[in-house]
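Reviewing the structure listed below.
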There are 4 protein chains.
Amino acid sequence: MASSSTTRARDLNIPFPGQPGSYNAITDVPGVLVGYKTLSADLPPDAGGPVAVRTGVTAILPDAHSRMLVPTWAGFSSFNGNGEMTGAHWVNEAGYFLGPIMLTNTHSVGMAHHACLKWMTTRAEYEDTSDPWLLPVVAETCDAYLNDINGFHVEAEHVYEAIDSAAAGPIAEGNVGGGTGMSCYQFKGGTGTASRTVSIEDTSYTLGALVQANFGLRKDLTICGVPVGILSQDIVDKGKDSGSLIVVIATDAPLLPIQLQRIARRCGLGMGRTGTAGYNSSGDLFMAFTTARSKPSGLSSARESLDFLSSDQLDPLFGATVESTHEAIINAMTAAQTTVGHRGHLAPAIDHKWLASLFKP
Amino acid sequence: MASSSTTRARDLNIPFPGQPGSYNAITDVPGVLVGYKTLSADLPPDAGGPVAVRTGVTAILPDAHSRMLVPTWAGFSSFNGNGEMTGAHWVNEAGYFLGPIMLTNTHSVGMAHHACLKWMTTRAEYEDTSDPWLLPVVAETCDAYLNDINGFHVEAEHVYEAIDSAAAGPIAEGNVGGGTGMSCYQFKGGTGTASRTVSIEDTSYTLGALVQANFGLRKDLTICGVPVGILSQDIVDKGKDSGSLIVVIATDAPLLPIQLQRIARRCGLGMGRTGTAGYNSSGDLFMAFTTARSKPSGLSSARESLDFLSSDQLDPLFGATVESTHEAIINAMTAAQTTVGHRGHLAPAIDHKWLASLFKP
Amino acid sequence: MASSSTTRARDLNIPFPGQPGSYNAITDVPGVLVGYKTLSADLPPDAGGPVAVRTGVTAILPDAHSRMLVPTWAGFSSFNGNGEMTGAHWVNEAGYFLGPIMLTNTHSVGMAHHACLKWMTTRAEYEDTSDPWLLPVVAETCDAYLNDINGFHVEAEHVYEAIDSAAAGPIAEGNVGGGTGMSCYQFKGGTGTASRTVSIEDTSYTLGALVQANFGLRKDLTICGVPVGILSQDIVDKGKDSGSLIVVIATDAPLLPIQLQRIARRCGLGMGRTGTAGYNSSGDLFMAFTTARSKPSGLSSARESLDFLSSDQLDPLFGATVESTHEAIINAMTAAQTTVGHRGHLAPAIDHKWLASLFKP
Amino acid sequence: MASSSTTRARDLNIPFPGQPGSYNAITDVPGVLVGYKTLSADLPPDAGGPVAVRTGVTAILPDAHSRMLVPTWAGFSSFNGNGEMTGAHWVNEAGYFLGPIMLTNTHSVGMAHHACLKWMTTRAEYEDTSDPWLLPVVAETCDAYLNDINGFHVEAEHVYEAIDSAAAGPIAEGNVGGGTGMSCYQFKGGTGTASRTVSIEDTSYTLGALVQANFGLRKDLTICGVPVGILSQDIVDKGKDSGSLIVVIATDAPLLPIQLQRIARRCGLGMGRTGTAGYNSSGDLFMAFTTARSKPSGLSSARESLDFLSSDQLDPLFGATVESTHEAIINAMTAAQTTVGHRGHLAPAIDHKWLASLFKP
């Protein structure tokens, strides 16, 4: 699915630490599927000026079994709650969710929630349980700068398409899915991903991040310690951040829900490595899940058993979380393409040649 | 708006403690408006049996100024997160929300969110700010027992009607709005309200609760200490709870956001007074807000001032919260009418005569 | 250890629901040990009046293996944080603690922490790990009404005695250990305990509560629905609550840390059944732990396994938590003996004959 | 108090961003006082080898009025709860604490708590209130590598000395107070401080951090983006982190308690700028307080007023928090002196000349 023309940060000599998985993507975690629906159109101008649709929907299916709705162990963390991620109350309470995770723009959360529920009740191989309700996980960032967000252009059919197109393997980044109209450090941002493999007592585990990156002030941008924003010749100083960061972490390491909360909390350090101080307007919400469980249905019998790693073995996964989040955000920026959007607003892609020059060996 | 035919718990001799406001309703808090859209229809049966629509939408507008979107100071508490209340991350973070609070059925959260946002962006007197996004507060309980919940019968227009019909004064209870298809302690439940006035150092404050009550096992039902459930002759023992409780608390007492969190947490004690042990399947989510603020726009200038009560003056408000929540839940039950709904399921109203007989003076 | 002369609430016809364990005590959970050191002395009066020592220390050892420090899975919940329970940050983070749980008076938390640590580093069979530090769990309520709290009468030796005397079997209640100088609903309070056995899919589990009860206004006191406080002829109306409630829950049911948090949160409903509205000055802090684990050392190898009950099987344990907490508080009151303490303050025991008369069959 | 011989990070050409206050210290916030008691002694060796005391106590008094105990508005955040900070439950609940903040070693928390309480009840100008109990704020990091931590060498008198010596103006860093025996990134660590002044709508505010820095793996150490740890020629790879970070933030900006929680949470980003991924064994606990309030006694009358900055004006303070925390940690390291301690363990000071060479202009 990944276009051969998109550029990844590692292609630009950026010396990210750690060992990525095969695709350097969240889909390196076996069973995780990702699908997109990208919407891009120029509508007739109205009194306010050009009207552009630059938005979409991203679907993350926790594993290949997800078309049968089974519980996925998860943990949530809010670094700055200026945003929405539905389903978080139940993840906080019971440590799991069902169904796909959906990412879209802020004002399409309702439609994505509505359509995801419809998909779950009509299209999933939903094994009826005693609980007849579902609590979808839908998160957002705001693309109002490039997208006609109050045109509510995401429709139910788009949500189904994102879910139904979910696939394993390499995945597209940049101007795709929910990330289509996003900006990051006042460059074009969007969807990004990265992964790490770690070894814990001779067992190898994979952890991957997928981000919808839409935050940051140019002056703060830092990549692997280099103050890229300050070195940029065309520093933009709008004074205010106006964005958000959603991070979804997947791993095949067996973890307790309380441990997945700890993983989720570390996404903030990965975000921090890109330079931001965590501004007021940024809804920085993080969800981590594991695909490890002894059997598909975690809730069917009374007494069950759960594998997990002991607390003092988690450090490699904490490191992998920070590194994957950092790299996924930069990947979102290097894959993104310069976009002229709503009202003629411009979000320039970061210059690849210049960026690579900052990291020449 | 309240039908003269609905019965309130106090009409049945139930000796609730405390001093209610004029209407014994959340609308006793000056400025708070409540509106409903109630949906009830019998559709052609399908292969599964009778198909019934028994659902709706409730809108709570924090004050009469709410058609101009201004921040409302609020606090959130989850007693049991098996449910949804959107907008809670930002309330937890910054202590306020904008716009109405919407209550509906679990599978209409998406539509209510979508339509509430449309209402806010197109119908509200929305003073444009630097932040172009909105995070509506939408909560739910599950009416799948009586309502064709997977028919997704709530539409955007219904949401607008609920909001636009919001009014001050006495309000309807029972089978109205979001509470239309709800059950409570295996009787018919729904929407209920109650209020208290308290005096703190010679100043009078009002606090009111509105609940969407949809939880509880018959055997546990307790009203003012009387084990009504056990005394019921037709004890139903389905073994499992399958419901939720949403409580919205409004007050004109000036409170800090951190204090409103404390108010919200006390709703759990009011719920407990009705006898439940807080079961796994119940999404018990509580939001408390204050209408007290020095001026309509809380975010416009850099340095502002906020009135509040000192911590050691809060006890009367804590008591009012517990009492109002307790009474509002019982009001939801006494106002509710016996309902036959989806698949022919029956939710009987609690018998008024019998109930009153348990409390005869 | 329990004096045959202390009265338990069930001896007074109070119809508590549920099935208690053999001793109706936290020690019904196999392996849990409880020890006390009770301090009671009248010192020479000072300028302020009579000086009395009415305080002590309670030690709860999670299991018989606790003299070897092994991790105990646990969950914490704060209903009202006007109090101290050390060690809670790590329980929130990793879901376990090591060593005993200590309960004492508010101003002896430091000494109990200090001495508990000394006990752990010098007396426990402490298997040295890579982590050389310990984070004891020490909680408190305030006995300043009856005890010369600022005399700091708890010494390290008292803490050791409480731990070293910990035993299985029936345990003393009322004016013992940390509960020695406590008041409850303006009667004499103190230490109380109760337990329940529940059956979940044909397996029997035991859950027990131990409380240090030191909260409540007389007018609010409710026991099994009966408004005992209002029926009391000598209603005391001091206007302000000034106390706290510590609840420790033990169970042999296998539970995840996130599930133990849910158990802990339900202690609030048990507290609520005694009538309080949860006042500002009450530090209501709850800890729940399980003795179930596959092997003594939970942290030694990288990949481990943990048994647990599925979420939808937890309701009987939630019920047992609420019931045990309610009954343990009342047991603390019925076992307590009228006490004249510091400055001549009086805390009268609740009258047994009168109380029993309210519940005559 | 600061020795003229201690080196600060800015003296080594390190290009920290932002504008520090006069002393680049937490004491730049008017009214904040800091005192230390440093313990250093070599005791007769025992069977295990050399026995060394390398520990102490730090006292932070929120303002010059603190000898009269008045409430200080505060917010708490735990990034990783492997540590202790007492008093946090009440800060979470009500948003304030009373008295000094104490920092010491992990196993002296009890003694510091005990002695701080004694100080408050006997030495403070404590205006008696209706609440007769106090909940001191005491935090810790573990100096077991350099200090005979299980010798419990901190005594009550040392705590009093730290409090009584608290002063305004420039403050000592490195091997002083609670930081005496701490290590950071496998160099000698300890106590550090830094501050920033920011302008918000033409008003200048000061924010300062004081850290007790005792965490990190050499390989991760990053200073202003430079991978100092990797550039170090004598990389130490012990494999495991074994430490903690306590950060105390003071500001004179008027903030709500809920806003102070947000400030506290940003300390994690400052910690992250030094390179760590936030390891399991590190107790990273943060407290932020404001000295701004309309009058000394915040709890005396029922209805009060609190100044605050609107949410969208907080970004400069967020930035100041991240920057101050980052610089304070590095200051702790540059001020620290090579230490040989318990069992002959060595913690080398970072080499100033070499460090400066990495940042030559």
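When you scan the range A:234-247, do you find a residue that is farther than 17 Å from A:Glu140 by Cβ, open to solvent by less than 10 Å² (accessible area, probe 1.4 Å) and within 14 Å of chain D (Cβ to nearest Cβ), even just one? For the range A:234-247, residues farther than 17 Å from A:Glu140 by Cβ, open to solvent by less than 10 Å² (accessible area, probe 1.4 Å) and within 14 Å of chain D (Cβ to nearest Cβ): absent. Mind checking which residues of the range D:250-268 are within 10 Å of chain A (Cβ to nearest Cβ) and open to solvent by 10 Å² or more (accessible area, probe 1.4 Å)? Hit for the range D:250-268 is D:Arg265, nothing else. Any idea which residue in the range C:327-342 is nearest to C:Thr191 (Cα to Cα), counting only those that are assigned to a loop (DSSP other than H, G, I, E, B) and open to solvent by 10 Å² or more (accessible area, probe 1.4 Å)? Among residues in the range C:327-342 that are assigned to a loop (DSSP other than H, G, I, E, B) and open to solvent by 10 Å² or more (accessible area, probe 1.4 Å), the one nearest to C:Thr191 (Cα to Cα) is C:Gln337. Within the range D:190-223, if we keep just the residues that are of a type in the set (D, E, K, R) and in contact (Cβ under 8 Å) with a residue 40 or more places away in the chain, the residue that is nearest to D:Pro62 (Cα to Cα) turns out to be D:Arg196. The residues of the range D:269-279 that are part of a loop (DSSP other than H, G, I, E, B) and open to solvent by 10 Å² or more (accessible area, probe 1.4 Å), listed by number, are D:Arg273, D:Tyr279. Per the conditions (1) in contact (Cβ under 8 Å) with a residue 12 or more places away in the chain; (2) in contact with a strand residue (DSSP E or B) (Cβ under 6 Å, 6 or more places away or on another chain); (3) open to solvent by 10 Å² or more (accessible area, probe 1.4 Å), the sole criterion not satisfied by D:Asp42 is (1). Consider C:Val70 carefully, then state whether it is more than 11 Å from chain D (Cβ to nearest Cβ), over 27 Å from C:Glu304 (Cα atoms) and either surrounded by fewer than 24 Cβ atoms within 10 Å (Cβ to Cβ) or in contact with an Asp or Glu (Cβ under 8 Å, 6 or more places away or on another chain) (or both). Taking the combined requirement at face value, the residue does not satisfy it.
Yes or no: D:Ala349 aliphatic (A, V, I, L, M), open to solvent by 10 Å² or more (accessible area, probe 1.4 Å), within 21 Å of D:Ser183 (Cβ to Cβ) and part of a loop (DSSP other than H, G, I, E, B)? When the stated conditions are applied, D:Ala349 passes them. When you look at A:Thr191, is it of a type in the set (S, T, N, Q) and within 22 Å of A:Ile26 (Cβ to Cβ), yes or no? Against the criterion (of a type in the set (S, T, N, Q) and within 22 Å of A:Ile26 (Cβ to Cβ)), A:Thr191 qualifies.
Taking the numbered list (1) touching a residue at least 60 places away in the same chain (Cβ under 8 Å); (2) under 20 Å from the mean Cα position of the chain (by Cα) in turn, C:Gly48 passes all entries but (2). Residue-level check: of (1) surrounded by fewer than 24 Cβ atoms within 10 Å (Cβ to Cβ); (2) over 25 Å from D:Ala320 (Cα atoms), A:Gly229 misses just (2). Looking only at residues of the range A:209-224 that are open to solvent by less than 20 Å² (accessible area, probe 1.4 Å) and assigned to a loop (DSSP other than H, G, I, E, B), we find that the one that is farthest from D:Ile223 (Cα to Cα) is A:Phe215. Please go through the range C:105-136 and give me each residue that is at pLDDT 95 or above, open to solvent by 10 Å² or more (accessible area, probe 1.4 Å) and touching an Asp or Glu at 6+ places or on another chain (Cβ under 9 Å), ordered by number. Those that are at pLDDT 95 or above, open to solvent by 10 Å² or more (accessible area, probe 1.4 Å) and touching an Asp or Glu at 6+ places or on another chain (Cβ under 9 Å): C:Met111, C:Leu135. Any residue at all in the range A:313-326 that's outside any helix (DSSP H, G or I), within 14 Å of chain C (Cβ to nearest Cβ) and either open to solvent by less than 20 Å² (accessible area, probe 1.4 Å) or at pLDDT below 95 (or both)? Yes. Of everything in the range C:148-193, what is β-branched (Val, Ile, Thr), closer than 26 Å to C:Ala47 by Cα and within 14 Å of another protein chain (Cβ to nearest Cβ)? Give them in sequence order. Correct list: C:Ile149, C:Val154.
Going by the structure shown, is C:Val53 within 24 Å of C:His342 (Cβ to Cβ) and facing another protein chain (nearest Cβ under 10 Å)?
no
A quick yes/no check of all residues on (1) at pLDDT 95 or above; (2) surrounded by 24 or more Cβ atoms within 10 Å (Cβ to Cβ):
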residue	(1), (2)
A:Val51	yes, no
A:Gly56	yes, yes
A:Ile60	yes, yes
A:His65	no, no
A:Gly75	yes, yes
A:Met85	yes, yes
A:Asn92	yes, no
A:Leu103	yes, yes
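Under the condition of being among the β-branched types (Val, Ile, Thr) and either in a loop (DSSP other than H, G, I, E, B) or open to solvent by 10 Å² or more (accessible area, probe 1.4 Å) (or both), the residues counted in the range A:185-208 number 4.
May I ask you to verify whether C:Ala139 is more than 9 Å from chain D (Cβ to nearest Cβ) and surrounded by fewer than 24 Cβ atoms within 10 Å (Cβ to Cβ)? Against the criterion (more than 9 Å from chain D (Cβ to nearest Cβ) and surrounded by fewer than 24 Cβ atoms within 10 Å (Cβ to Cβ)), C:Ala139 does not qualify.
The values are calculated or read from the model by the stated rules, or taken from the named source; none is laboratory data. Just so we're clear, the structure is a prediction, and the values are computed from it rather than from any experiment. Reconstructed Cβ throughout: ideal geometry from the backbone, glycine too, with neighbour counts over all protein chains shown. Side chains included, ligands, DNA and RNA excluded: accessible areas come from the protein's heavy atoms. Shrake-Rupley method; radii C 1.70, N 1.55, O 1.52, S 1.80 Å.
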